[in-house]
1. So the check is Cβ under 7 Å with 6+ separation or different chains; which pairs have a first residue in the range 145-169 that's assigned by TED's automatic domain parsing to the domain that holds ALA21 and farther than 25 Å from GLY38 by Cα and a second one that's among the hydroxyl-bearing types (Ser, Thr, Tyr) and surrounded by fewer than 23 Cβ atoms within 10 Å (Cβ to Cβ)?
2. Select from the range 194-207 the residues that are among the polar types (S, T, N, Q) and within 16 Å of LYS220 (Cβ to Cβ) and list them in ascending order.
3. Looking at the range 64-73, which of its residues are within 21 Å of ALA148 (Cβ to Cβ) and not aliphatic (A, V, I, L, M)?
4. Looking at the range 134-188 only, could you name the residues that are within 30 Å of SER224 (Cα to Cα) and polar (S, T, N, Q)?
5. Are there any pairs with C-beta distances below 7 angstrom linking a residue in the range 170-193 that is closer than 13 Å to THR223 by Cβ to a residue that is part of a strand (DSSP E or B) and modelled with pLDDT under 95, with the two at least 6 apart or on different chains, and if so which?
6. How many residues are under 16 Å from GLY256 (Cβ atoms) and either surrounded by 14 or more Cβ atoms within 10 Å (Cβ to Cβ) or modelled with pLDDT of 90 or more (or both) when one looks only at the range 197-223?
7. Being surrounded by 11 or more Cβ atoms within 10 Å (Cβ to Cβ) and closer than 30 Å to ALA103 by Cα is the filter here, so list the residues in the range 75-85 that pass it.
8. Enumerate the pairs (first residue in the range 42-66 and over 10 Å from VAL111 (Cβ atoms); second residue anywhere and aliphatic (A, V, I, L, M) and modelled with pLDDT of 95 or more) with beta-carbon separation below 6 Å, excluding pairs fewer than 6 apart on the same chain, so at least 6 apart or on different chains.
Amino acid sequence: MKFSGTESYVTTDDLNMAVNAAISLERPLLIKGEPGTGKTLLAQEVARSLEMPIFEWHIKSTTKARHGLYEYDAVSRLRDSQLGEESVGDIRNYIEQGPMWRAFEEETRSVVLIDEIDKADIEFPNDLLQELDRMEFYVHELQETIAAKTRPVIIITSNNEKELPDAFLRRCFFHYIRFPETETMEEIIKVHFPDIKQNLLKAALNTFYDLREVKGIKKKPSTSELLDWIKLLLVEDISPEAIRADASKAIPQLYGALLKNEQDVHMFERLAFMSRRSQ
């Protein structure tokens with residue numbers, strides 16, 4: 001069973017190789033790359049392509065490793081005991097299984113997505129080492145060890161905002177998703193907009209990649225933002241000629257889909273002003 005992309009998710013050969021290598025080695029796949037390059041979607045498409053259930057764990061700055069295993073609601077149990085509820089007799093009523101536990105319970109192989117692990121504090125990855133190595137964890141409230149019935153495929157994403165511990169990295173198969181080249185980006189766009197005209201596609205791509213190459217831009221527009229922009233171009237029926245004309249003025253039409261902070265907008269407005277003065 002090999003992953004080779006799907007009809008709605010365009011992949012490169014090296015990405016396919018990384019996914020299949022991690023599955024064969026039974027190692028977590030650590031995917032790094034710019035925001036908006038399809039890292040989260042990759043896990044969902046792997047699960048869909050290989051017909052596996054997926055359990056998603058989206059990390060926040062306050063997330064602790066135990067949240068992916070289970071959470072014990074002691075407050076609700078105390079309240080129910082004061083109210084004389086019968087449910088307090090079974091502590092399992094107050095334990096919520098996390099995505100890792102639910103995946104461990106699956107009889108068949110599943111996919112676990114640990115999304116944006118670099119959002120958590122530095123100790124978070126180290127706190128998961130035993131679970132990743134042994135595929136088991138201990139539930140103190142039940143005095144039970146929960147072991148995976150079938151080892152899941154674990155896909156971990158990172159926007160590369162902070163370094164991850166060496167001990168954690170040693171356990172992973174690593175792949176960096178490079179920003180798509182023009183040819184790959186054309187394929188991606190045609191998946192989403194199969195009827196787009198070639199001259200509009202070329203004009204939009206030229207403007208988009210020129211925008212990304214402008215020196216001093218704080219946040220380069222991503223693949224997902226390009227798709228949003230093209231959708232707007234099609235809805236507003238913007239012509240390729242209008243896109244090319246805008247490119248010469250430095251700031252594109254409907255730029256709000258591409259530029260997401262005021263510093264970049266001000267910079268392009270200045271460039272547009274300087275371009276007009278030089279004419």
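The values are calculated or read from the model by the stated rules, or taken from the named source; none is laboratory data. What you see is a predicted model, and the numbers here were worked out from it, not measured in a lab. Backbone-built Cβ (ideal geometry, glycine too); neighbour counts: all protein chains shown.
1. Here the result reads THR145/TYR138; THR150/THR108, each pair linking the range 145-169 to a residue that is among the hydroxyl-bearing types (Ser, Thr, Tyr) and surrounded by fewer than 23 Cβ atoms within 10 Å (Cβ to Cβ).
2. If the condition is that a residue be among the polar types (S, T, N, Q) and within 16 Å of LYS220 (Cβ to Cβ), then ASN206, THR207 are the ones that fit.
3. Selection gives LYS64, ARG66, HIS67, GLY68, TYR70, GLU71, TYR72.
4. THR157, SER158, ASN159, ASN160, THR182, THR184
5. So the pair list comes out as ILE177/GLY33.
6. The qualifying residues number 9.
7. SER76, ARG77, LEU78, ASP80
8. TRP57/ILE114; ILE59/ILE117
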